[in-house]
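Read the structure below first, then the notes.
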Amino acid sequence: MTEYETILVEQRGRVGWITLNRPQALNALNSQLAQEVTAAAVAFDTDESVGAIVVTGSEKAFAAGADIKEMESMSAAEMRATDHFGSWSDFAAVRTPVIAAVSGFALGGGCELAMMCDIILAADTAKFGQPEINLGVIPGMGGTQRLIRAVGYYKAAEIILSGRIMGAEEAERAGLVSRVVPASDLITEATTLAETIASKSLPSLYAAKAALDAAMETPLAEGLAHEKQAFAALFDTVDQKEGMAAFREKRSPNFINQ
Ligand code: CAA
């Protein structure tokens with residue numbers, strides 16, 4: 001497996017794990033980490049033995065944001081020319097379902113990274129926010145767009161304009177987090193959820209994720225048309241026949257991911 005310096009990467013069963021590992025900077029997302037997370041996620045995405053990916057951090061921090069020290073001296077021209085956060089779009093585009101298992105701080109780019117994932121599972125210690133306004137900037141990794149889609153305009157506006165940090169319970173009530181679990185159970189719960197997802201048929205997982213993405217990005221009629229096509233296409237897969245035969249025969253399906 002490729003050597004990484006800012007993340008730990010491991011495959012356990014059919015689940016690919018990416019652990020952000022810059023403890024000295026509360027997992028602040030610098031360019032190297034962005035490239036490594038993206039490379040690891042893309043590698044898992046092209047490996048059929050992986051059916052789900054989990055991104056996690058440490059107990060204290062999922063990630064405390066983009067690396068402020070790396071950005072501080074940059075000019076607008078440099079920011080544009082380097083497309084500073086550009087590599088994250090390849091992470092957001094992976095077909096495999098991705099779970100963010102969040103403990104501690106998920107601020108700025110950390111919150112935005114969690115929102116690029118499909119499911120956010122939070123420890124009761126998790127703290128979410130977009131404090132960029134305190135630095136004289138705004139969210140730059142999708143926060144102004146994805147937070148609104150997650151929690152609605154008014155809640156997102158309060159969080160982004162004031163920089164206020166939300167606890168895990170509030171984030172769950174707002175719809176950002178799918179479930180809050182005790183911090184000591186976070187990895188076990190993420191493992192169970194990821195293994196459950198990874199046990200399904202890959203073509204249907206890819207289709208479900210693409211249809212969910214379409215719902216985020218297109219008007220209803222277009223999204224419904226997307227779903228209709230994707231649903232029909234799955235009837236050419238071996239696993240659709242197997243899944244439905246298994247139901248009729250009252251047994252568990254043996255999916256072959258085709
Ligand atoms: N970038 C770079 N370094 C960071 C960092 C960041 N986002 N967040 C924390 N660190 C570093 C600190 O500088 C400190 O390093 P030193 O010991 O070398 O000074 C180390 O991590 C530990 O941090 P603290 O001592 O500050 O820890 P704390 O427990 O007292 O506070 C915190 C924790 C409240 C999260 C605080 O670190 C903090 O406010 N961090 C910045 C949060 C932030 O503003 N995030 C948004 C960044 S901009 C962004 O993300 C843009 C975008 O949209 C993509």
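Just so you know, all these numbers are worked out from the coordinates, no wet-lab data involved. Predicted model, so just to flag it, every value in this text is computed and none were measured. For neighbour counting, all protein chains shown are included, and Cβ atoms are generated from backbone atoms with ideal geometry for every residue, glycine included.
Evaluate E = 1/(1 + (r/R0)^6) for Ala233 and Thr82, where r is the Cβ-Cβ distance and R0 equals 41 Å; express this FRET efficiency to the nearest 0.05.
For Ala233 and Thr82, the calculated efficiency is 0.60.
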For this session: Mind giving me the nanometre distance, one decimal, between the label points for Ile138 and Glu195, set 7 Å out from Cα along Cα→Cβ?
Result: 4.4 nm
Seminar exercise, completed: Everything considered on the Cα gyration tensor (a ≥ b ≥ c; rounded for a/c under 1.5, else prolate if a/b is larger than b/c, else oblate), the range 126-208 must be described as prolate
For this session: Take Val177, Val151, Val102 and order them by how many other Cβ atoms sit within 10 Å, fewest up front.
Result: Val151, Val177, Val102
Problem set entry | Estimated inter-spin distance, Glu169 and Ala246, nm [label 7 Å along Cα→Cβ] | 3.9 nm
Problem set entry | Net length gained if the chain between Asp47 and Glu59 were fully extended (0.36 nm per residue, minus Cα distance) | 1.4 nm
Exercise. Say the cut-off is 32 Å between C-alpha atoms; which of Lys69/Lys127; Lys155/Lys209; Lys127/Lys241; Lys127/Lys209; Lys69/Lys200 go over it?
Worked result: Lys127/Lys241; Lys69/Lys200
For this session: Scan around Ala61 for amide H atoms under 5 Å from its own, H built in the peptide plane at 1.01 Å from N, and keep only partners 5 or more places away or cross-chain.
Result: Phe105
Exercise. To the nearest 20 debye, what charge dipole does the chain have about its Cα centre, counting +1 at the Cβ of each Lys and Arg and -1 at the Cβ of each Asp and Glu?
Worked result: 640 debye
For this session: Quick one: grab the alpha carbon gyration tensor of the range 99-258, order the square roots of its eigenvalues as a ≥ b ≥ c, and give me rounded if a/c is under 1.5, else prolate or oblate depending on whether a/b is larger than b/c.
Result: oblate
For this session: Over all alpha-carbon pairs of the range 204-248, lay out the pair-distance distribution in 5 Å bins, whole %, shortest bin first.
Result: 5, 23, 25, 19, 13, 10, 4, 0
For this session: Compute the distance in nm between two label points, each set 7 Å from the Cα along the Cα-to-Cβ direction, one at Asn254 and one at Arg12.
Result: 2.8 nm
Seminar exercise, completed: For the range 39-129 the trypsin sites (Lys or Arg not before Pro) that pass both the DSSP coil test and the at-most-11 other-Cβ-within-10 Å test are none
Exercise. How high is the relative contact order of the chain, in percent, with contacts defined as C-alpha pairs under 8 Å that are six or more residues apart?
Worked result: 16 percent
Exercise. So, counting K/R as plus one and D/E as minus one, what does the shell of residues with Cβ under 12 Å around Leu33 add up to?
Worked result: -3
Problem set entry | Förster radius 35 Å - calculated FRET efficiency between Glu158 and Asp213, Cβ distance, rounded to 0.05 | 0.85
Exercise. Does the range 27-123 come out rounded, prolate or oblate by the C-alpha gyration tensor, with a ≥ b ≥ c the root eigenvalues, rounded set by a/c under 1.5 and, if not, prolate when a/b is larger than b/c and oblate if not?
Worked result: oblate
Exercise. So how far, in whole Å, is the C-alpha centre of the range 24-88 from the one of the range 207-221?
Worked result: 25 Å
